[in-house]
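Please treat every number below as a calculation from the coordinates, not as lab data. Fair warning: this is a prediction, and the values are worked out from it, not measured in the lab. Reconstructed Cβ throughout: ideal geometry from the backbone, glycine too, with neighbour counts over all protein chains shown.
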Amino acid sequence: MTHFAITAEAIDREAFRDGMVDRGCGGYVQFEGWVRDHNEGRDVLRLEYEVYEPLAVREGNRILGEAVERFGLQRAAALHRSGLLELTDVAVIVGVAAAHRGEAFEACRYIIDEIKSRLPIWKKEHYADGEARWVRCDHCAEPEHAHSS
Amino acid sequence: MQVHVSYFAAFREAAGVSSERIDTAARTAAALFAECTGRHPNLQRYTASLVAINDELSGWDAVLADGDAVLFFPPVAGG
C-alpha cells in the first residue's frame, strides 16, 4: 500500500504514523525533514516551497511503488509541504513499514533521496539579512556552472 | 503553431510571468527555450534543467505539436 501527497497544511506526524500501523509489520522507520536555521553559512528565517503538483504526485507515487517492489515493503507513504514554512516545521515526512527492520531502514533512505532529486519541488530560503534565494537554481546564474540538461 | 509555456520558481521570477501563449516555429523543446530566453532576457542567465510536455517529463530534442503545454523547470530542491 502506498500513498503520496502534497499538503499546504502543517504535517501531523502522529496521525501520519497511526495510519501506517500494520499487524504484519515488525519494523517501522519514519523520516522527518525539518526547517533548519542555517544553510551554507547564512542564517535562515523561513522557507518557501513551490510545487508543480500534478507531476510531483505522480512521480512521488512512482518512487513509493519502486521502493515497495525493491525492498518488499508492506506500506510506504510520504507527505511534502508546499507554501511558507517556519523554523522546525516538518517539510517532508516518509514512513515505511516492513516485516523486518533492515528493509525498512534501506527503503526509507531510498525514498527520501529520490524525493529530493526527482520531484518538481523548489525551495526558497529567506535569510536574516532580508535576502531570499532559490536553492540550487541561483547557482545557474554563475558562469562556471552548467547543467547537463 | 501555438504552444502554452509555463515557468516555475526562479524561471518564473526571471521571466516575470508564470505562463504565456507563444506563436512559434520552434521544432523542439530546446529551440523553444532558446526563443523564450530571447523574449525574456533575464532567463538568459539560466540553463533549464528539465522540460515537461503535457505533464510528462520529456527530452530537449522532443518535437513540439500545436497546442502543447510546455513546462520549464529549474533544478529541483525538494525535501
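Each part gets one Cα centre, and for region A:70-96 versus region A:1-66 those centres are 1 Å apart.
Could you please report the charge total around A:Phe4, scoring K, R as +1 and D, E as -1 over all other residues with beta-carbon less than 10 angstrom from its beta-carbon? Display every interim value, and only then the final one.
Working: positive: A:Arg58, A:Arg62; negative: A:Glu59.
Value of the local net charge: +1.
Max-minus-min Cα coordinates of chain A on each principal axis give 51, 34, 28 Å, with the largest extent listed first. Peptide B:50-59 is shielded by partner chain Cβ atoms: per residue, an average of 2 of them sit within 10 Å of its Cβ. Over all Cα atoms in region A:1-81, the spread is summed up by Rg and Dmax: 15.0, 46 Å.
Cut-off is 10 Å between beta-carbons; in what order do A:Trp122, B:Trp60 appear when sorted fewest neighbours first? Before the final figure, lay out the partial values.
Details: A:Trp122 25, B:Trp60 14.
Lowest count first: B:Trp60, A:Trp122.
List the relative contact order of chain B as a percent without decimals, with contacts defined as Cα pairs under 8 Å and 6+ residues apart. Before the final figure, lay out the partial values.
Values: 141 pairs, mean separation 32.0, N = 79.
Taking the mean separation of contacting Cα pairs over the length of chain B, I get 40 percent.
The slack in the chain from A:Leu84 to A:Ala128, taken as 0.36 nm per residue of separation less the alpha-carbon distance, amounts to 14.3 nm.
Zone of A:Val57 (label point 7 Å along Cα→Cβ, backbone N under 16 Å): which residues in region A:76-105? Hits in region A:76-105 for A:Val57 at 16 Å: A:78-83.
Tell me the relative contact order for chain A as a rounded percent, counting alpha carbon contacts under 8 Å between residues six or more apart. Don't skip to the end; give the middle numbers.
On the way: 286 pairs, mean separation 49.9, N = 149.
In percent, rounded to a whole number, it is 34.
Across peptide B:66-78, what mean number of C-beta atoms from other chains lies inside 10 Å of a residue's C-beta?
Working: counts 0, 0, 0, 0, 0, 4, 0, 6, 9, 11, 14, 14, 21.
The shielding value for this peptide is 6.
Distance between the pseudo-spin-label points of B:Ser18 and B:Trp60 (7 Å out from Cα toward the beta carbon): 2.8 nm. Of A:Gly102, A:Ala56, A:Leu84, which is farthest towards the positive pole of region A:34-134's charge dipole, taken about the Cα centre with +1 and -1 on the beta-carbons of Lys, Arg and Asp, Glu respectively? So the residue we want is A:Gly102.
Taking 45 Å as R0, compute the FRET efficiency from the Cβ-Cβ separation of A:Val21 and B:Ala69 and round it to 0.05. Present the calculation step by step, with values, prior to reporting the outcome.
Values: r = 41 Å, r/R0 = 0.91.
Efficiency, rounded to the nearest 0.05: 0.65.
Using θ = phi - 60° in the Karplus curve 6.51 cos²θ - 1.76 cosθ + 1.60, the 3J(HN,Hα) couplings for region A:38-44 round to 7, 7, 6, x, 10, 7, 9 Hz; x is entered for Gly and Pro.
Antiparallel beta bridges, as assigned by DSSP with both residues in the protein assembly as shown, represent about 80 percent of the total such bridges. Under a model in which nothing but the beta-carbon of Lys, Arg (+1) and Asp, Glu (-1) is charged, chain B shows a dipole of about 280 debye around its Cα centre. Given +1 at the Cβ of Lys and Arg, -1 at the Cβ of Asp and Glu and no other charges, the dipole of the protein assembly as shown around its Cα centre is 320 debye to the nearest 20.
For a quick protection proxy, order the peptides A:37-50, B:41-54, A:55-68 by their average other-Cβ count within 10 Å, most packed first.
Values: A:37-50: 14.6, B:41-54: 17.2, A:55-68: 19.1.
Ranking, from highest mean packing down: A:55-68, B:41-54, A:37-50.
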